[in-house]
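Engineer: Quick one: the structure is below, and I'll ask about it shortly.
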């Protein structure tokens, strides 16, 4: 996996710098021709990427980038092309900071310009397959029916503009000029529902049977 990242970076930098020679190796003191060195320094923790897909196991690889040539100006030009190419890449994070002299001493070379590249690399967790369905799916559809009725007052007069509610279903409607109301589609079960009526500044609630046809609701107002 890490060698795949090495190859990716080498091919990308070779193209970005116009065909420069790329080496996956520690920095060297000098070279008879221009060489861009990539050396893997660290494997660092990285936050998983966000998004709708399953989060991968992810690391961040940190490379040291340096350039070497017979002439310092040639090495500097090569390093500059690599640095600006890294700034434009959407998945690679360049780090520009002072490189500790102890690091150069560990490589046995004099301090020289360079920068770091951080590259995310992830391993996607395998997704377990769902067990096979051994029985055909059973789909049950509940019955739907309309509820129609009429609201009448204590003297059997029809009540227009009364508010009628089915609290269990959070449904509200209003009676017409003839005191009639309709809920066009409600579950047929349970067959008994609570029905509320509000009119003339008062309200009442009663239980009604959905099988009643026609449904006559007597409005007996309770206290406000």
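Please treat every number below as a calculation from the coordinates, not as lab data. Since this is a predicted model, take the numbers as computed values, not measurements. Ideal geometry is used to build each Cβ from the backbone, glycine not excepted, and the neighbour counts take in all protein chains shown.
Engineer: Can you sort 61, 44 so the residue with the fewest Cβ neighbours within 10 Å comes first?
Structural biologist: By the 10 Å Cβ count, ascending: 44, 61.
Engineer: Based on other C-beta atoms within 10 Å, arrange 118, 193, 105 from fewest to most.
Structural biologist: Ascending number of Cβ neighbours within 10 Å: 105, 118, 193.
Engineer: Above 32 angstrom, tally the Cα pairs of the chain and express them as a % of all pairs, no decimals.
Structural biologist: Percentage above 32 Å: 56.
Engineer: Further, regarding this structure: Going by alpha carbons, how many degrees (0 to 90, nearest 10) lie between the helix axis of 72-88 and the longest principal axis of the chain?
Structural biologist: The two axes meet at around 10 degrees.
Engineer: If I stretch the segment between residue 173 and residue 39 completely, what's the gain in nm (0.36 nm per residue apart, minus their alpha carbon distance), one decimal?
Structural biologist: 40.8 nm
Engineer: Could you estimate the translational diffusion coefficient of the range 144-218 from the Stokes-Einstein equation, with Rh from the Kirkwood formula over C-alpha pairs, at 20 °C and 1.002 mPa s, in whole µm²/s?
Structural biologist: 175
Engineer: Right, another one. With r defined as the distance between the Cβ atoms of residue 163 and residue 207 and R0 fixed at 22 Å, what FRET efficiency is calculated, to the nearest 0.05?
Structural biologist: E between residue 163 and residue 207, to the nearest 0.05, is 0.75.
Engineer: Let me ask you something else. So how do 43, 159, 195 line up by other beta-carbon neighbours within 10 Å, fewest first?
Structural biologist: Going from least to most buried by this count: 43, 159, 195.
Engineer: Could you tell me the calculated FRET efficiency between residue 60 and residue 182, based on Cβ-Cβ distance and R0 = 41 angstrom, to the nearest 0.05?
Structural biologist: After rounding to 0.05, the efficiency reads 0.05.
Engineer: For the range 144-218, what is the percent of antiparallel DSSP beta bridges, rounded to the nearest 5?
Structural biologist: 85
Engineer: Helix-only estimate, please: 222 nm mean residue ellipticity of the chain, summing -39500 (n - 2.57) across DSSP H runs of length 4 or more and dividing by its residues, to the nearest 500.
Structural biologist: -5500 deg cm²/dmol
Engineer: Using 0.36 nm times the number of residues separating residue 70 and residue 98, minus their current alpha carbon distance, what extension gain do you get?
Structural biologist: Computed gain between residue 70 and residue 98 is 7.7 nm.
Engineer: Expressed in nm to one decimal, what extension gain is obtained for the pair residue 146 and residue 25 from 0.36 nm per residue of sequence separation less their Cα-Cα distance?
Structural biologist: Working it through step by step, the gained length comes to 35.6 nm.
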